[in-house]
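Worksheet: the structure to be examined is printed underneath.
Computed from the coordinates by the stated procedures, all read-outs in this text should not be read as laboratory data. Please read these numbers as outputs of a predicted model, since none were measured by experiment. Counting neighbours? That spans all protein chains shown, and the Cβs are built from the backbone with ideal geometry, glycine included.
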Amino acid sequence: MKRFGSMVFAMTVAAGLLAGPLAGEQEAPRKLVAPVRGEAQIELTAPNTQVVGNNVVTTLRLKNVASGPIAGLRIEENWFDRSRNAVPGDVYRHPRPWAVGEVIEVKLTTPRKAGMGDNRYNFTHANGTIKTTVVKKLDLPKPVK
């Protein structure tokens, strides 16, 4: 009896695998696009830095204007105190390749310390460096309902 149940299950799985392509439900193959190598260009708005509780939260809005997707986007925020000593900051890593024309919003959160002065950003990606251009406004895409 156990063999019969296993055989029925195997036949059902096989029929399900064969029925997809026969029923005209073929997916179009996804086109792979090579990521940018070397220097990539992005646009960003002026950072919005606010104190929220015991943290300093910096919000950046970024747009990929490079010739291809950017793989492994990494943003490091470095803070300095008034004596120019380094204070640890936050690091952001984008979880997937960043498509051309896509606008993203990044929040960097750093614990607030007495004497924090100014901050610097370091933008890199998996295959090189990033050149930034500051723009006045970038609109986020509207969510699909």
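How big is the convex hull of the Cα atoms of region 40-134, per residue, in Å³? Mind showing how you got there, number by number?
Values: hull volume 8.9 nm³, N = 95.
Normalising the Cα hull of region 40-134 by residue number yields 94 Å³.
Amide H neighbours of Gly128 under 5 Å, counting only residues 5+ apart in sequence or on other chains, H built in-plane at 1.01 Å?
It is Gly38, by chain and number.
Would you order Asp118, Asp81 from fewest to most other beta-carbon atoms within 10 Å of each residue's own beta-carbon?
In order of increasing Cβ crowding within 10 Å: Asp118, Asp81.
Using a cut-off of 12 Å between beta-carbons, work out the net charge of the residues near His94 (Lys and Arg +1, Asp and Glu -1, His94 not included).
So the surrounding residues net to +1.
At R0 = 22 Å, how high is the FRET efficiency between Asn55 and Arg120 if r is their beta carbon distance? Nearest 0.05 is fine.
0.75
Residue by residue through region 71-84, which ³J(HN,Hα) values in whole Hz follow from phi under the Karplus form 6.51 cos²θ - 1.76 cosθ + 1.60 (θ = phi - 60°), with glycine and proline marked x?
Rounded to whole hertz, the list is 9, x, 4, 9, 10, 10, 9, 10, 9, 10, 7, 5, 8, 6.
Could you go through region 90-103 in sequence order and give the Karplus-derived ³J(HN,Hα) for each residue, using 6.51 cos²θ - 1.76 cosθ + 1.60 with θ = phi - 60°, rounded to whole Hz, and x for Gly and Pro?
10, 10, 10, 10, 6, x, 8, x, 9, 5, 5, x, 6, 10
Where in region 42-70 does the amide nitrogen come within less than 16 Å of the point 7 Å from the Cα of Val33, taken along Cα to Cβ?
Zone members listed by number: 42-43, 63-70.
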